[in-house]
Each structure stands twice: as structure tokens, then as C-alpha cells.
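Colleague: Here it is: the structure, laid out below.
The values are calculated or read from the model by the stated rules, or taken from the named source; none is laboratory data. It should be emphasised that the depicted structure is a prediction, and the values quoted were computed from it without experimental measurement. Here Cβ is always computed from backbone atoms with ideal geometry, including for glycine, and neighbour counts include all displayed protein chains.
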Amino acid sequence: MSNEPVEPAALRGPVVRPRRLRTTPALRRMVAETQVAPRQLVLPLFVREGISEPQPISSMPGVVQHTRSSLLAAVAEAAELGLGGVMLFGIPETRDATGSGGVDPAGILNLAITDVVGEVGDALTVMSDLCLDEFTDHGHCGLLTPDGRVDNDRTLAAYAEMARAQAHAGVDMVGPSGMMDGQVAVVREALDAAEHTDVSILAYSAKYASAFYGPFREAVDSCLEGDRRTYQQDPANAVEGVREALLDVAEGADLVMVKPALAYLDVLRRVRDAVDVPVAAYNISGEYAMVEAAAANGWIDREPAILETLGSIHRAGADVILTYWAAEAARLLRA
Ligand code: PBG
């Protein structure tokens, strides 16, 4: 036995060093746990009736309301970049109490679906928003009762008709986003009865009454009176988000979605762990605008912020991400 004092561990340094795996870019790349891919990204696109030039959306720099023809150039580029799909939103010239423009085969969204499918064929999954808010003159996602409440069951009948119109126009996947109870079951039944058994459903399952939708309302020239708190979820609730997702799976949803994404990453993780279908997340307009505004002021580094945002949503459990950065992110991820 030597009488030499043993050097304390603190002076020898730690044996376990997590930093060792961060030494070089090659090593970091090799051990990266997650990586979002362009095939998982879906680009939301707005098409507006009756315009001859694309219109910028001031609260969403870089995003426009497309004409029917500029929309085709955008989807062709999306296909070229290897994106997973596009989600189409229509902005009609006129609106009414029942949102009849959403059901009309000659309505802007239904025409755009046919145009887009004709342009890209099977190269992209063509998805459409299945909701009345862009088409109603009061801006709500459903039909109103005489005393101004959103009438769940009458709205379901309108959604069934809208689903049939979109399927007839050629859509691959419909996205019921109105948060009416029973909407997925009704849409599935309507599609199947019209022999559109292959049209799939991306259910907006856990959709919260969020302050971050603000720029979207400008994007679709929304005329919403009041708020959506009687149908969209309370931001305080996470268990309820899982409940909504499980219900939608039971009603036949092919994918379920959590929306918004960033303020709800916990809900996203819980839903991912609870269901056995692919899970999507919508990185919404206000989340986009925050990054763009901070970057425009020189307060954050834009491109790494975009990739970190999308990476975090993927890491939290999203298999598919709807994002206004889809095309740009695909380019960055390829570089
Ligand atoms: C409803 C719908 C909304 C969004 C997508 N679908 C708006 C809302 O619920 O008020 C928001 C998307 C975004 O903010 O990027 N049809």
C-alpha cells in the first residue's frame, strides 16, 4: 500500500464526457437522433378568386394569396422539391351565411383542387381544408342557429356535402378543421357512400383556440365575429387533446393533427404516444410571423431558427409538419 495521496476525481476530470460526441461536425451528424425530411413537409397554399396577380400577405412576409395560375407554379415547385404535399385554402369573392361557396363544384377551392391534381398528378399528396370559415359571411367554421351559436349537427351535414365536392374535384386527402363533434365519422361516411373510399382524412383533432392564428385571418380575409372558444379547445387542456385524437382515430381518421405546434409540443408528444396512426402538426401563421418578424429586425438568425423550429416539432413527435417554410426548408435540408 502506497502512502501516495490519491488525486481526487474532480482534479482528474470526469470519466464520462458527453461533449466527446460533439467534437466534430461529422460526429455530430452521425449521432443525430432525429432529422426532419422534405417528404414530411406539407406546404399550405392560399388561392383567391377573382385576382389577376398574386397578393402579398403583410403579416406573413413571403406568403401570398395565389391566383389560379400562380398556384400551379407553386405546386410544381413543391413537387420538384420533394415535399410531402400541399394543403389548399380557398378565398371566395362572395360569402354567405351557409358558406355555399365551399360546396359549389365551381367554388374556388374545388376548382383549385382539380387544377392542382391536373398539374402534379401523384407527385404530391393534394390536401384541402374542409371547413366553412373561409366561405361564411360571419367567419365561423359552421352554420349558426338563429341566436348566433354554432350548430354542430347542421354543420356536419354541410361538411359531408363539402367532402363529397372535394373528393369529386379529385383531392387525395381532406382536412376537416372545424372542430365539430363527430365530423370525422360524418366525412368518412359521406366519402364512402360516394365511392371515394381511397380519399383519406387528416383530422384536425387537437385544435386550440389560439391567439397565434392572427396572420391567417389576414391571409383569408376573415370576417370572424367573436371567437371560436365554443368549438376550438381551451389552451389549458392537454388530456382533452388526447381524448379528441383518440375519438378521431375511432371515427376513422387516417392521420391526426395537433395545432398550433410550438405552444403545444407537450400535447403533440402525448398524442404521438397514444395513437397508432401518423401524427401531423401545424406550424401556424403566428409561429411563422414571430420568426419572420424577429429575423427582419436582425434579432435572430433566420435559417437556423427555421430548421430548429421544424426540428423541435419533429422531435416532439410529428411525423408530418404543415409549414409555410416547407419549400425553403426543403432547400436548406438538401444543401
Ligand atoms: C380554419 C383554419 C384556421 C387555420 C387553418 N384552418 C384558422 C382558424 O381556426 O381560425 C389557421 C392556420 C394558421 O394560422 O396558419 N379553416
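Colleague: Check GLY226 against each of (1) more than 8 Å from the ligand (Cβ to nearest atom); (2) within 26 Å of GLY286 (Cβ to Cβ); (3) of a type outside the set (Ser, Thr, Tyr); (4) not in a loop (DSSP other than H, G, I, E, B) and name the one condition it does not meet.
Modeller: (4)
Colleague: Among the candidates MET127, MET162, MET87, which residue alone is over 17 Å from HIS66 (Cα atoms) and either crowded, with 24+ Cβ neighbours inside 10 Å or within 15 Å of the ligand (Cβ to nearest atom) (or both)?
Modeller: The conditions single out MET162.
Colleague: Could I ask something else about it? Name the single residue that is surrounded by the most Cβ atoms within 10 Å (Cβ to Cβ) among those in segment 165-178 being under 19 Å from the mean Cα position of the chain (by Cα) and outside any loop (DSSP other than H, G, I, E, B).
Modeller: My answer is GLN166.
Colleague: Got at least one residue in segment 28-37 being among the aliphatic types (A, V, I, L, M), more than 16 Å from the ligand (Cβ to nearest atom), in contact (Cβ under 8 Å) with a residue 24 or more places away in the chain and out of contact with any Leu (no Cβ under 6 Å at 6 or more places or on another chain)?
Modeller: The answer is yes; a qualifying residue exists.
Colleague: Would you pick out the residues in segment 145-175 that are polar (S, T, N, Q) and more than 24 Å from ALA123 (Cβ to Cβ)?
Modeller: Of everything in segment 145-175, those that are polar (S, T, N, Q) and more than 24 Å from ALA123 (Cβ to Cβ) turn out to be THR145, ASN152, THR155.
Colleague: Continuing with the same structure: Name the pairs: first residue in segment 213-235 and at pLDDT below 95 and of a type in the set (Ser, Thr, Tyr), second residue assigned to a loop (DSSP other than H, G, I, E, B) and more than 10 Å from the ligand (Cβ to nearest atom), Cβ to Cβ under 6 Å, at least 6 apart or on different chains?
Modeller: none
Colleague: Would you be able to tell me the number of residues in segment 290-330 that are within 14 Å of the ligand (Cβ to nearest atom) and more than 15 Å from the chain's Cα centre (by Cα)?
Modeller: Restricting attention to segment 290-330, the residues satisfying the condition of being within 14 Å of the ligand (Cβ to nearest atom) are 290-292, 309, 313, 321-326.
Narrowing further to those that are more than 15 Å from the chain's Cα centre (by Cα): 290-292.
Number of matching residues: 3.
Colleague: Related question: Here is a check on your reading of the model: is VAL75 assigned to a helix (DSSP H, G or I) and touching a helix residue (DSSP H, G or I) at 6+ places or on another chain (Cβ under 9 Å)?
Modeller: yes
Colleague: Residues to consider are GLU303, GLU292, GLU308; find the one that is acidic (Asp, Glu), in contact with a Leu (Cβ under 9 Å, 6 or more places away or on another chain) and not in a strand (DSSP E or B).
Modeller: GLU303
Colleague: Pick from ALA123, ALA163, ALA167, ALA158: which is closer than 25 Å to VAL36 by Cα and not charged (D, E, K, R)?
Modeller: The conditions single out ALA123.
Colleague: Just the residues that are within 16 Å of the ligand (Cβ to nearest atom) and among the small types (Gly, Ala, Ser), please, taken from segment 254-289.
Modeller: ALA261, ALA263, ALA280, ALA281, SER285, GLY286, ALA289
Colleague: Related question: Go through (1) free of Cβ contacts under 8 Å to residues at least 40 places away in the same chain; (2) under 23 Å from ASN283 (Cα atoms) one by one and return the number of the condition SER59 breaks.
Modeller: Result: SER59 fails condition (1) only.
Colleague: Test of understanding: among PRO105, PRO92, which residue is in contact (Cβ under 8 Å) with a residue 24 or more places away in the chain and surrounded by 18 or more Cβ atoms within 10 Å (Cβ to Cβ)?
Modeller: From the options PRO105, PRO92, the qualifying one is PRO92.
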